[in-house]
């Protein structure tokens, strides 16, 4: 039994490393090793399965803590920011689900604020976003990076009009047409491969594919990505003489309105990613502020091993999250545990499991957005 457990742990580790090496080789167009995130995933999952089996209770807190520490220490600095923000966000969401109140008001307000935060940071304070995130956003907009950088600089200097920096060689009408077509093309490049992977997984598991639903979902996602990037820029063109930062603030509200195009389940996933970016932007803004630098230099805080503090915080978050694996992503939990983690039928913990059933017995998963 022990040898089979070790074999299973090695199998998931080696499989993850192989997938990582395959994807890295495709990207580099030559044989390459797996990236750091795949190494961290593979080793962390293998450690979790091994310790979880040794503990023998099927859902060990020690396994969660040890695997989380292993995974976090193997991640790069940029990935640590993302996974730590994810851990904090999941704990906050669990606490909210346990004490949910005024859901319509609270969830709309928080969703709008977090979306505005990320959109405003992207338009005005790019330094509040990690370089990898900024690069991803720039790629999605499909606008020359030089124009985007000049646009952001001009927000603070007021030397030129916003239109002169964003589309210096085209009129606003030409920019609207060509920009929308370019964004639609980029949206297809983003979502079609993602949907193809999902379809491949469905075919492999012999799942019935509802093609009209798939096509409609891809179309709605493409509309969201196109509108979320183009609507703020078009607003800037419509009010060229208004103050730059006020226009940026107003424009940052538009992506949340466009987000309503997405199906509810995907909308919730997008909002979770946006919330992670919002938490990271708050951290980077604080680190770049003068008062933080003064506090850091004037106190013993500079001698604190902050990377290990972050490691401990992430381990604590994941230990709390994995107390209730049945409310997490089923695919992620099956990958982690090596088996489906479903809720016991005789369990009465309705607060910890937001999954409900309708009168016909079909599972309904409510989301935190309308």
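The values are calculated or read from the model by the stated rules, or taken from the named source; none is laboratory data. If you're wondering where the values come from, they're calculated on a predicted model, not measured in any experiment. Please note: Cβ atoms are built from the backbone with ideal geometry, for glycine as well, and neighbour counts cover all protein chains shown.
Just a few scattered comments:
- For the stretch 247-297, a residue qualifies if it is outside any helix (DSSP H, G or I) and within 18 Å of the chain's Cα centre (by Cα), and the qualifying residues are 260, 262, 263.
- Flag if residue 107 is in contact (Cβ under 8 Å) with a residue 40 or more places away in the chain, under 28 Å from residue 279 (Cα atoms) and assigned to a helix (DSSP H, G or I): yes
- For the stretch 217-243, the tally of residues that are surrounded by fewer than 20 Cβ atoms within 10 Å (Cβ to Cβ) and closer than 17 Å to residue 143 by Cβ stands at 4.
- Tallying residues that are at pLDDT 90 or above, in a helix (DSSP H, G or I) and in contact with a helix residue (DSSP H, G or I) (Cβ under 7 Å, 6 or more places away or on another chain) within the stretch 298-346 yields 10.
- Condition met for residue 81 (outside the structural domain of residue 320 (by the TED database) and closer than 19 Å to residue 341 by Cα): no
- The residue list 246, 277 contains one member that is exposed (fewer than 12 other Cβ atoms within 10 Å of the Cβ), in the same structural domain as residue 134 (by the TED database) and modelled with pLDDT of 90 or more, which is 246.
- Spans of helices (runs of 4 or more DSSP H) in the stretch 142-207 with at least 1 residues closer than 30 Å to residue 26 by Cβ: 145-157, 172-204
- Being under 27 Å from residue 268 (Cβ atoms), touching a helix residue (DSSP H, G or I) at 6+ places or on another chain (Cβ under 8 Å), in contact (Cβ under 8 Å) with a residue 40 or more places away in the chain and surrounded by 13 or more Cβ atoms within 10 Å (Cβ to Cβ) is true of residue 125.
- Filter pass, residue 69 being assigned to a helix (DSSP H, G or I), touching a helix residue (DSSP H, G or I) at 6+ places or on another chain (Cβ under 9 Å), within 25 Å of residue 323 (Cα to Cα) and modelled with pLDDT under 95: no
- Scanning the stretch 9-43 for residues being touching a helix residue (DSSP H, G or I) at 6+ places or on another chain (Cβ under 6 Å), farther than 19 Å from residue 76 by Cα and modelled with pLDDT of 90 or more gives a total of 0.
- Residue check, residue 162 buried (at least 17 other Cβ atoms within 10 Å of the Cβ) and assigned by the TED database to the domain that holds residue 140: yes
- The stretch 17-55, subset assigned to a loop (DSSP other than H, G, I, E, B) and under 24 Å from the mean Cα position of the chain (by Cα), residue surrounded by the fewest Cβ atoms within 10 Å (Cβ to Cβ): 35
- Failed item, numbered, when residue 143 is tested on (1) farther than 26 Å from residue 246 by Cβ; (2) surrounded by 20 or more Cβ atoms within 10 Å (Cβ to Cβ); (3) out of contact with any helix residue (DSSP H, G or I) (no Cβ under 6 Å at 6 or more places or on another chain): (1)
- Scanning the stretch 188-210 turns up no residue that is within 16 Å of residue 231 (Cβ to Cβ) and surrounded by 12 or more Cβ atoms within 10 Å (Cβ to Cβ).
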